[in-house]
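K.L.:
Attaching a single structure in structure tokens format; questions to follow.
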Amino acid sequence: MADLAELIKGGKRLPDWLILWGEKRLGLHALNVAHAKIEDDWDEGSTDNFFKLACKYLNLQYDLEGLENIPKEGPCIIVSNHPHGMSDGIMFGDIAMRAREDVRIVVNEFLHCVRGMRPYQITVDVYGGEAAKRANMNGMREILRWLKGGHCLLVFPSGSAATWSWKDGRVIDDPWQTNIATIVRKTGATVVPMHFSGHNGLFFQTISVLAKGIRSNFLAREIIRDGKTRHKVRIGKPISPATLGLLETDEALSDFMRLNSMMLRYPSTVDAPAAATDTREEIETSAPAEVLQAEIDALPEDCLYVQNTHSHLNVYAAEASQIPQLLREIGIQREHTFRAVGEGTGKSLDLDEYDPHYVHLVMWHTEQRRLVGAYRIGRTDHILKSKAGVKGIYNAAFFKFSKKLQQVLSHGIEMGRAFICPDFQRHPASLDTLWMGIGHYLARHREYRYMYGTVSISGEYTPASRSLILDYLQCHEMNPELAKEVKAYYPPKKLGLNSEDKRLLPAGLPDIRLLNNTVCALEKDGKGIPVLLRQYLRLGGKMISFGIDEGFGGTLDCLVVVDMVNAPQRVLHRYCGKEYTPPNI
């Protein structure tokens with residue numbers, strides 16, 4: 001498999017015993033024994049490929065998830081982290097050739113000595129400086145020809161095995177080379193992220209820290225260590241050229257590909273609910289439709305905010321005292337809707353001590369005579385005056401507001417407990433109509449400049465997605481001034497990405513579209529970020545804090561503030577009307 005005499009200058013003139021001694025010390029002897037067995041199998045008529053036999057005789061074992069994500073045809077680049085060295089390349093080839101046979105793997109000069117890999121490899125030199133860059137042009141041309149022919153390419157963009165980082169306190173990949181991004185752009189190839197678990201041992205990491213330039217000489221001995229463990233390999237969902245085209249620079253595209261690979265190391269299963277489902281109360285039965293309709297009919301005319309005759313959806317704003325039966329129905333439908341996504345109070349209906357002094361936006365289907373959705377509005381100035389100060393605000397139970405923040409929010413309304421019944425969530429007019437109700441409420445009540453409240457990221461999302469959403473929002477969507485004025489009582493201590501992955505977010509995940517695409521790829525059911533989060537960000541909302549609500553299914557609550565003065569004009573016209581001008585209070 002590897003001949004030390006070929007690897008060192010003048011090696012052919014050295015005695016065989018010295019070469020053998022060196023190969024044993026460097027781990028090459030074990031590779032040669034394995035290669036001899038591979039050649040024996042081929043001589044005996046075996047049709048197994050090199051990678052499969054190498055895994056067999058080097059005892060490289062792995063648990064694989066996501067093989068179906070490798071496209072069966074068409075130009076495809078599979079990018080992976082590189083935790084070990086040669087064993088990664090062997091397992092990489094074995095995995096890819098289980099999906100398709102037209103595979104080439106990009107390897108460095110060191111692996112060129114592995115004779116069995118030569119039919120499958122395209123060689124580059126990641127260690128040779130400027131001279132190597134010129135020599136690599138041939139390799140680049142070969143790569144482009146291969147991909148333009150509709151084939152599959154396997155790449156470790158770091159070019160070398162992962163090493164210890166004092167900055168991060170762990171073993172991490174070297175920087176990913178941006179020339180892979182250039183190749184992606186030139187070929188229009190689909191990109192598939194992959195991730196290998198683990199890392200090389202203490203000896204290799206010590207050499208890497210003390211004398212990084214010679215670490216490649218000790219990679220072969222690590223393969224023996226790799227044969228003593230079972231590796232975990234995950235393949236992510238393919239990333240389309242259209243998505244990759246959203247990244248404007250090669251550096252950003254490289255960071256995006258690396259982030260998608262690294263996200264595969266985070267837990268991919270949904271956290272188990274804290275409480276067993278059999279402890280939840282049975283949800284109450286709804287009142288007859290005619291009882292609810294009677295309350296709708298009794299509302300004063302000025303309670304009607306939106307009338308959509310096409311969709312049969314009307315939106316009303318009412319005090320709790322005006323709609324006792326409808327308020328009970330709101331509590332029932334809240335609990336039904338929130339339980340469906342792993343949240344909910346676990347009680348027979350979701351009503352609390354705040355509902356009596358909040359205004360309720362009610363979306364009513366006039367033809368079916370039923371509640372379709374609702375929103376709760378807290379008029380902060382009224383609450384602060386009439387309910388013993390900040391304690392009357394729902395979110396004050398989860399976040400400590402400074403006096404300065406209370407003063408700002410006194411010119412705003414608290415939004416919360418939003419829901420749309422499950423069978424109407426895909427109805428195109430539902431959310432739009434409900435938000436028109438909010439907009440028309442603001443248009444009538446010009447004393448309010450701000451909207452604020454929490455957007456919940458439910459436990460139905462994997463820890464990987466919740467961590468990514470949290471760190472994305474902290475990176476791109478914060479209001480740093482207001483964030484100083486609030487503190488979460490129950491901050492999300494167990495969520496968040498590793499430090500080296502967070503550094504990829506500014507360039508590698510620059511906008512909400514790419515966040516949504518990445519979350520869709522991480523979630524087994526393909527769901528993206530919550531629609532309410534997209535809606536608040538569309539309005540220019542900014543985050544000011546984050547907390548965990550253990551009493552509501554362990555949701556991640558993102559406290560958001562929307563300053564209507566900064567909201568996009570076209571969105572304001574859509575929901576508030578063309579005559580609306582936000583108050584500059």
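The values are calculated or read from the model by the stated rules, or taken from the named source; none is laboratory data. Everything numeric in this text was worked out from a predicted model, so none of it was measured. No Cβ is skipped: glycine too gets one built from the backbone with ideal geometry, and neighbour counts run over all protein chains shown. Side chains are part of the model used for accessible areas, which takes the heavy atoms of the whole protein and leaves out ligands, DNA and RNA. Shrake-Rupley method; radii C 1.70, N 1.55, O 1.52, S 1.80 Å.
K.L.:
I'm told TYR490 meets every condition in (1) open to solvent by 20 Å² or more (accessible area, probe 1.4 Å); (2) modelled with pLDDT of 95 or more except one. Can you identify the failing condition by its number?
P.N.:
It is condition (2) that TYR490 fails.
K.L.:
When the residues of the stretch 234-249 are narrowed to those that are among the β-branched types (Val, Ile, Thr) and outside any helix (DSSP H, G or I), which ends up most open to solvent (accessible area, probe 1.4 Å)?
P.N.:
Step one: filter the stretch 234-249 for residues among the β-branched types (Val, Ile, Thr), giving 235, 239, 243, 249.
Subsequent filtering for residues that are outside any helix (DSSP H, G or I) retains 235, 239, 249.
Values: ILE235: 10, ILE239: 14, THR249: 65 Å².
Ranking the candidates gives THR249 first.
K.L.:
In the stretch 322-351, which residues are without any contact (Cβ under 8 Å) to a residue 40 or more places away in the chain, in a loop (DSSP other than H, G, I, E, B) and open to solvent by 10 Å² or more (accessible area, probe 1.4 Å)?
P.N.:
LEU351
K.L.:
While we're here: Going by the conditions given, is GLU500 among the charged types (D, E, K, R) and over 16 Å from ASN260 (Cβ atoms)?
P.N.:
Details: among the charged types (D, E, K, R): yes; over 16 Å from ASN260 (Cβ atoms): no.
It is false that GLU500 is among the charged types (D, E, K, R) and over 16 Å from ASN260 (Cβ atoms).
K.L.:
Moving on to the next point. All but one of (1) in contact (Cβ under 8 Å) with a residue 40 or more places away in the chain; (2) open to solvent by less than 50 Å² (accessible area, probe 1.4 Å) hold for GLY389, so report the exception by its number.
P.N.:
(1)
K.L.:
Is at least one residue of the stretch 145-154 buried (at least 17 other Cβ atoms within 10 Å of the Cβ), in contact with a Pro (Cβ under 7 Å, 6 or more places away or on another chain) and within 23 Å of GLU65 (Cβ to Cβ)?
P.N.:
The answer is no; no qualifying residue exists.
K.L.:
Here's something else I'd like to know. Please determine whether any residue of the stretch 470-492 is outside any helix (DSSP H, G or I) and in contact with a Cys (Cβ under 6 Å, 6 or more places away or on another chain).
P.N.:
no
K.L.:
In addition: Whether any residue in the stretch 363-370 is among the charged types (D, E, K, R), free of Cβ contacts under 8 Å to residues at least 60 places away in the same chain, farther than 30 Å from ARG446 by Cβ and assigned to a helix (DSSP H, G or I) is what I want to check. Walk me through it before giving the result.
P.N.:
If we filter the stretch 363-370 for residues that are among the charged types (D, E, K, R), which is where we start, we get 367, 369-370.
Still in the running and free of Cβ contacts under 8 Å to residues at least 60 places away in the same chain: 367.
When the remaining residues are screened for being farther than 30 Å from ARG446 by Cβ, the result is 367.
Applying the additional criterion that residues be assigned to a helix (DSSP H, G or I) yields none.
No, there is no match, as no residue in the stretch 363-370 is among the charged types (D, E, K, R), free of Cβ contacts under 8 Å to residues at least 60 places away in the same chain, farther than 30 Å from ARG446 by Cβ and assigned to a helix (DSSP H, G or I).
K.L.:
Only one of ILE544, ILE548 is in contact with a Ser or Thr (Cβ under 9 Å, 6 or more places away or on another chain), open to solvent by less than 40 Å² (accessible area, probe 1.4 Å) and of a type outside the set (Asp, Glu); which? I'd like the intermediate steps shown before the answer.
P.N.:
Details: ILE544 fails: in contact with a Ser or Thr (Cβ under 9 Å, 6 or more places away or on another chain).
When all the criteria are applied, what remains is ILE548.
K.L.:
Every residue in the stretch 166-181 that is surrounded by fewer than 17 Cβ atoms within 10 Å (Cβ to Cβ) and part of a strand (DSSP E or B), please.
P.N.:
ARG170 - this is the single residue of the stretch 166-181 that is surrounded by fewer than 17 Cβ atoms within 10 Å (Cβ to Cβ) and part of a strand (DSSP E or B).
K.L.:
Further question: I'd like to know if the stretch 265-282 contains one or more residues that are in contact with a strand residue (DSSP E or B) (Cβ under 9 Å, 6 or more places away or on another chain), part of a helix (DSSP H, G or I) and either under 25 Å from PRO463 (Cβ atoms) or open to solvent by 20 Å² or more (accessible area, probe 1.4 Å) (or both).
P.N.:
Restricting attention to the stretch 265-282, the residues satisfying the condition of being in contact with a strand residue (DSSP E or B) (Cβ under 9 Å, 6 or more places away or on another chain) are 265, 268.
When the remaining residues are screened for being part of a helix (DSSP H, G or I), the result is 265.
So of that shortlist, the ones also either under 25 Å from PRO463 (Cβ atoms) or open to solvent by 20 Å² or more (accessible area, probe 1.4 Å) (or both) come out as 265.
Yes, the stretch 265-282 has at least one match.
K.L.:
It is to be established whether one or more residues within the stretch 359-371 are open to solvent by 20 Å² or more (accessible area, probe 1.4 Å), under 17 Å from VAL562 (Cβ atoms) and among the β-branched types (Val, Ile, Thr). Full working, then the answer.
P.N.:
Step one: filter the stretch 359-371 for residues open to solvent by 20 Å² or more (accessible area, probe 1.4 Å), giving 366-370.
Narrowing the set further to residues that are under 17 Å from VAL562 (Cβ atoms) leaves none.
So far as the stretch 359-371 goes, no, none of its residues is open to solvent by 20 Å² or more (accessible area, probe 1.4 Å), under 17 Å from VAL562 (Cβ atoms) and among the β-branched types (Val, Ile, Thr).
K.L.:
Which residues, counting only those in the stretch 408-444, are outside any helix (DSSP H, G or I) and either modelled with pLDDT of 95 or more or open to solvent by less than 30 Å² (accessible area, probe 1.4 Å) (or both)? Break it down into steps so the answer makes sense when it comes.
P.N.:
Initially, the stretch 408-444 is screened for residues outside any helix (DSSP H, G or I), giving 410-421, 425-429.
Within the stretch 408-444, SER410, HIS411, GLY412, ILE413, GLU414, MET415, GLY416, ALA418, PHE419, ILE420, CYS421, ALA429 meet the criteria.
K.L.:
Can you pull out the residues in the stretch 230-260 that are touching a residue at least 60 places away in the same chain (Cβ under 8 Å) and polar (S, T, N, Q)?
P.N.:
THR243, THR249, SER254, ASN260
K.L.:
Hey, another quick one. Looking at ARG513, ARG534, ARG538, ARG503, can you tell me which residue is within 13 Å of the chain's Cα centre (by Cα) and of a type in the set (D, E, K, R)?
P.N.:
Working: ARG534 fails: within 13 Å of the chain's Cα centre (by Cα); ARG538 fails: within 13 Å of the chain's Cα centre (by Cα); ARG503 fails: within 13 Å of the chain's Cα centre (by Cα).
So the residue among ARG513, ARG534, ARG538, ARG503 that is within 13 Å of the chain's Cα centre (by Cα) and of a type in the set (D, E, K, R) is ARG513.
K.L.:
A follow-up question, please. Residue by residue through the stretch 153-179, note down the ones that are of a type in the set (A, V, I, L, M, F, W, C) and closer than 28 Å to GLN61 by Cβ. Reasoning before the result, please.
P.N.:
Within the stretch 153-179, the first condition is being of a type in the set (A, V, I, L, M, F, W, C), and the residues that meet it are 153-156, 161-162, 164, 166, 171-172, 176.
Matches in the stretch 153-179: LEU153, LEU154, VAL155, PHE156, ALA161, ALA162, TRP164, VAL171, ILE172, TRP176.
K.L.:
Just wondering, is there one or more residues in the stretch 70-81 that are at pLDDT 85 or above and loosely packed, with under 14 Cβ neighbours inside 10 Å?
P.N.:
Narrowing the stretch 70-81 to residues at pLDDT 85 or above: 70-81.
Add one more test, that the residue is loosely packed, with under 14 Cβ neighbours inside 10 Å, and what stays is 72-73.
The answer is yes, given that some residue of the stretch 70-81 is at pLDDT 85 or above and loosely packed, with under 14 Cβ neighbours inside 10 Å.
K.L.:
A follow-up question, please. GLY577 is checked against (1) buried (at least 21 other Cβ atoms within 10 Å of the Cβ); (2) touching a residue at least 60 places away in the same chain (Cβ under 8 Å) and fails just one. What number does that condition carry?
P.N.:
GLY577 satisfies every listed condition except (1).
K.L.:
Find the residue count for the stretch 379-407, including only residues that are touching a Gly at 6+ places or on another chain (Cβ under 8 Å), assigned to a helix (DSSP H, G or I) and of a type in the set (A, V, I, L, M).
P.N.:
Number of matching residues: 2.
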